[in-house]
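Quick one: this structure, given as structure tokens, is what I'll be asking you about.
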Amino acid sequence: MNKNKNTAHNRGVAPEDAKKAAVQDANVKLVEEAMLELASRKKPFKIDRQKALDLGLEYLRRWPKTRSVATMAWALATPKKWVGLPDKPKQSGSLAVVEEDLLSRITIDPNVCHGKPCIRGHRIWVSLILDFLAGGVTIEELLDDYPGIEEADIRACIAYGAEMARGNFVDVVLGKDD
């Protein structure tokens, strides 16, 4: 047995404390990645690091299954939408639970598709799915064309688009002068 290994046991740290520290480190990393995602938007959303950590860790305490940068970015950008909610939503089908479940299907990884939001486990951009839907392609057609995704993935793309529309705006030409 190698006594030189840097394990929690050899450092005198209880294994459960080491596990808690690892979870805390992962949570802080998730919040920091969400802050980077917010800062990289077309209209950057700036938030104080300590405030973001406090908000993000509170969100993770209340909804510990959150593992998506997109969901965390939403939580940091829209605290008024969730801060007043109870820790455990009363109904399993409540909007907060549904939205969290859907947004957890979207991932943003700088090493995958140049950091564009994608359907979890795939290299299918959220914007691609939204473009298809806007162009009149049905959900059934998308599921036939992309057999690896589920209807919930498509609804997650729509939910993600809705969240982004709350914070970002695109200039739209209202009318043309002839």
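The values are calculated or read from the model by the stated rules, or taken from the named source; none is laboratory data. Bear in mind that the values here come from a model prediction, so they are computed numbers and not experimental data. Ideal geometry is used to build each Cβ from the backbone, glycine not excepted, and the neighbour counts take in all protein chains shown.
Scan the helices (runs of 4 or more DSSP H) fully inside the range 6-79 and keep the ones with 3 or more residues being within 24 Å of Gly121 (Cα to Cα) and at pLDDT 80 or above.
Numbers: elements: 15-39, 49-62, 69-77.
Where helices (runs of 4 or more DSSP H) fall fully within the range 6-79 and carry at least 3 residues being within 24 Å of Gly121 (Cα to Cα) and at pLDDT 80 or above, they are 15-39.
Filter the range 148-178 down to residues that are in a loop (DSSP other than H, G, I, E, B), at pLDDT below 90 and not hydrophobic (A, V, I, L, M, F, W, C), then give me how many there are. Let's see the steps before the verdict.
Our first condition is that a residue be in a loop (DSSP other than H, G, I, E, B); within the range 148-178, this holds for 148-150, 168-178.
With at pLDDT below 90 added as a condition, the list becomes 168-178.
Now narrow it down to the ones that are not hydrophobic (A, V, I, L, M, F, W, C): 168, 171, 175-178.
Looking only at that region, the number is 6.
Hey, another quick one. So Lys116 ticks every box in (1) in contact (Cβ under 8 Å) with a residue 24 or more places away in the chain; (2) surrounded by 14 or more Cβ atoms within 10 Å (Cβ to Cβ) but one. Which box is left unticked?
Here Lys116 meets the rest and fails (1).
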